[in-house]
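The values are calculated or read from the model by the stated rules, or taken from the named source; none is laboratory data. Since this is a predicted model, take the numbers as computed values, not measurements. Cβ placement follows ideal geometry from the backbone for every residue including glycine, while neighbour counts extend to all protein chains displayed.
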Amino acid sequence: MAAVRGFFVTNNTAVSNPGPGSTESDVFEIIIGQSGIGNIMMSMTGGGVFAVDAGSSSQSFEVGVSDTGDPLHEVLKSLPLLGDTTANQALLFSPSFLAPSPAAEQAYPNYTLPLANLTFPDPPALPPNFTILIGPVSAFPEFDYSQNAFSDGTPVTLCSLSIRPNLTALSGSFGSVQSPSLVLRNADGWRYQWLVDGLQPLTNYTVFTFENEGRVSGPINVVTKSASFSCPLVHSLPYCPLVSYAVPLPAPSGPPGTETYDASSLPDSISDPLLSYLTNFTTSLLSFACGRDLYSPLVSCADCQAEYRTWLCAAQLPRCGDAAADPGLSTPSSRKLKRDAPVQTTFISPALIPHNASSVRNPNLPDFPGGNWTELLPCLEPRFNADVSYGVGYIDGDMHSSDWEKLGGMTKKAQDRWGNVWCNGPGLIG
């Protein structure tokens with residue numbers, strides 16, 4: 001196809017060939033942005049004409065027409081989400097969509113709280129279709145994040161990127177993507193969840209997602225762990241919906257590439273005590289003035305239980321870090337990790353602490369068969385959020401926010417889009 005010099009459209013069917021020479025006032029050019037995408041919205045109750053002004057060299061393009069009022073092709077502000085990685089796996093999520101309806105406000109004395117062992121609700125009947133595209137950063141041109149565009153002018157579209165070598169869209173030569181599942185992690189909404197395997201250790205990968213093949217999210221970067229990293233991924237726990245990271249546990253069984261723990265395979269010796277703690281806390285919480293302003297005019301018992309659940313899950317299921325990983329890794333399939341400039345003026349290291357095989361904070365976890373391991377320490381926010389959601393008269397611990405501020409305060413951020421992860425903060429989106 002000839003190189004495109006312009007796209008033109010009109011809702012005047014009397015104009016048979018709209019183009020740069022058209023003099024009619026109802027002929028419009030679709031301006032293509034630096035991302036390689038252009039959109040126009042107009043009334044076409046009586047039909048219209050779309051035309052391409054062609055040049056001389058070969059080029060391909062894709063056209064979408066919608067009657068919903070929403071563009072079929074655009075770069076979204078929302079980003080994919082990294083759960084965690086191992087040496088050869090990555091747990092990834094689409095941007096959130098279709099937020100659940102807020103729970104009905106309860107009142108005293110008929111005040112109930114969710115059970116400790118939650119169940120996943122039924123997924124939406126007609127969710128949007130998401131495609132994930134992943135490849136080593138060397139397979140992509142440099143990306144200009146200030147312009148949301150590739151430096152060489154490559155369009156940020158699925159039809160353009162999916163034909164580049166060394167990339168995987170659902171399946172490919174360097175790795176594979178397991179069938180996605182729909183998960184509801186929190187009130188932000190539903191997400192698609194993908195488990196990608198067959199990745200290379202200590203390698204920086206670029207990830208895009210595409211909603212209905214046209215609406216682009218990303219890119220984000222994810223970095224795999226070193227080859228010696230042996231903690232398995234844990235995910236899809238209805239009672240801990242925000243847990244989606246590597247935990248110091250024995251290697252699970254399963255077909256190659258799918259060796260992870262979920263609600264069906266996590267040992268009862270781990271889940272039962274956790275559920276018991278949450279049940280006991282809920283019973284204690286309901287002895288307070290739930291559903292009345294006497295508890296708190298700002299938060300509810302349901303808020304308190306939800307924040308406590310997040311903190312408890314992070315405390316009972318510690319997250320593995322990777323002391324062997326170099327944040328400035330420079331393997332052939334990687335580029336230096338970026339920083340969130342200009343805000344981040346120093347390259348902050350992750351909060352890591354070494355453990356031996358038996359020094360697990362949670363006594364219900366078995367000894368780690370991999371020997372010594374490294375913990376990515378919890379962020380301050382889960383504990384703080386639980387603390388401030390307790391009602392009047394409920395006291396837990398003796399460390400107050402003023403003490404935290406003296407020690408550096410909270411960042412409200414556990415990770416960023418470049419693949420940097422600083423602490424374990426379930427629910428904290430970078």
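A few remarks follow.
- Cβ-Cβ under 8 Å pairs, at least 6 apart or on other chains, region 172-189 side under 20 Å from E259 (Cα atoms) and modelled with pLDDT under 75, far side part of a strand (DSSP E or B) and of a type in the set (F, W, Y): V177/W194; Q178/W194
- Members of region 242-275 that are hydroxyl-bearing (S, T, Y) and touching a residue at least 60 places away in the same chain (Cβ under 8 Å): S244, Y245, T258, T260, S269
- If you check T45, T119, T86 for being exposed (fewer than 15 other Cβ atoms within 10 Å of the Cβ), farther than 30 Å from F288 by Cβ and either free of Cβ contacts under 8 Å to residues at least 24 places away in the same chain or not aromatic (F, W, Y) (or both), only one passes: T45.
- Criterion violated by E62 - all others in (1) part of a loop (DSSP other than H, G, I, E, B); (2) surrounded by 12 or more Cβ atoms within 10 Å (Cβ to Cβ); (3) in contact (Cβ under 8 Å) with a residue 40 or more places away in the chain; (4) not assigned by TED's automatic domain parsing to the domain that holds F7 satisfied: (4)
- P100 passes every criterion in (1) in the same structural domain as A323 (by TED's automatic domain parsing); (2) part of a strand (DSSP E or B); (3) modelled with pLDDT under 90 apart from (2).
Here is a yes/no grid of residues against (1) surrounded by fewer than 17 Cβ atoms within 10 Å (Cβ to Cβ); (2) part of a strand (DSSP E or B); (3) modelled with pLDDT of 95 or more:
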{"position": "S276", "(1), (2), (3)": "yes, no, yes"}
{"position": "N280", "(1), (2), (3)": "yes, no, yes"}
{"position": "L298", "(1), (2), (3)": "yes, no, no"}
{"position": "D326", "(1), (2), (3)": "yes, no, no"}
{"position": "S333", "(1), (2), (3)": "no, no, no"}
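- When residues in region 13-38 are screened for being β-branched (V, I, T) and farther than 27 Å from T157 by Cα, 3 of them pass.
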